[in-house]
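Data first, discussion second: the structure below is written as structure tokens.
The values are calculated or read from the model by the stated rules, or taken from the named source; none is laboratory data. Because the structure is predicted, anything quoted here is derived from the model rather than measured. Virtual Cβ from ideal backbone geometry, glycine too; neighbours counted across all protein chains shown. For the accessible areas, the whole protein counts, side chains as well, though only heavy atoms, and no ligand, DNA or RNA atoms are used. Shrake-Rupley method; radii C 1.70, N 1.55, O 1.52, S 1.80 Å.
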Amino acid sequence: MGLGVIVIFIIIFGPTLNLLRSRLATQRTLKRQLAVLDEKKTILNGIDTQQIDERVKKMEAVFPSKKPVVELMSSLSKLANLYGLSFGGFL
């Protein structure tokens, strides 16, 4: 009789317990991700925007976002003609 009750209990509540375990694992994972994101948010909120603007301007001066492709290809073509080479461009 007792074994039958245990079997029925497992059959009825087994899937619910598995779902509960799965959701608890998901909750723990999400809490860890939230902690990491909160730490990143704190770090980003502490950054000086003026300093970031200056760094972006310096990076833009060194690595411009608009590349002078036409001028570069023209210069390479002229150099190739100067030294008797052929320049076919880029593929």
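The table below lists the values:
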{"quantity": "Shape call, the chain: gyration tensor on alpha carbons, a/c limit 1.5", "calculated": "oblate"}
{"quantity": "Within straight-line cross-link reach of K67, lysines at Cα separation under 29 Å, skipping those fewer than 8 residues along the same chain", "calculated": "K57, K58, K78"}
{"quantity": "Highest-fluctuation residue, N81, N18, N45 considered, GNM on the chain with Cα pairs under 10 Å", "calculated": "N81"}
{"quantity": "Rounded to 10°, Cα long-axis angle of helix 49-62 versus longest principal axis of the chain", "calculated": "50 degrees"}
{"quantity": "³J(HN,Hα) computed for each position of segment 8-24 - Karplus, 6.51 cos²θ - 1.76 cosθ + 1.60, integer Hz, glycine/proline x", "calculated": "5, 4, 5, 5, 6, 9, x, x, 5, 5, 5, 4, 4, 4, 4, 5, 5"}
{"quantity": "Accessible area in the full protein assembly, largest first, 1.4 Å probe, for F9, F87", "calculated": "F9, F87"}
{"quantity": "Hypothetical label at V62: residues of segment 26-47 whose amide nitrogen lies under 12 Å (7 Å Cα-Cβ projection)", "calculated": "none"}
{"quantity": "Restricting the chain to GluC sites (Glu not before Pro) in coil, as DSSP defines it, with at most 10 other Cβ within 10 Å", "calculated": "none"}
{"quantity": "Area of M73 that stays accessible when all protein chains are in place (1.4 Å probe, Å², to 10)", "calculated": "70 Å²"}
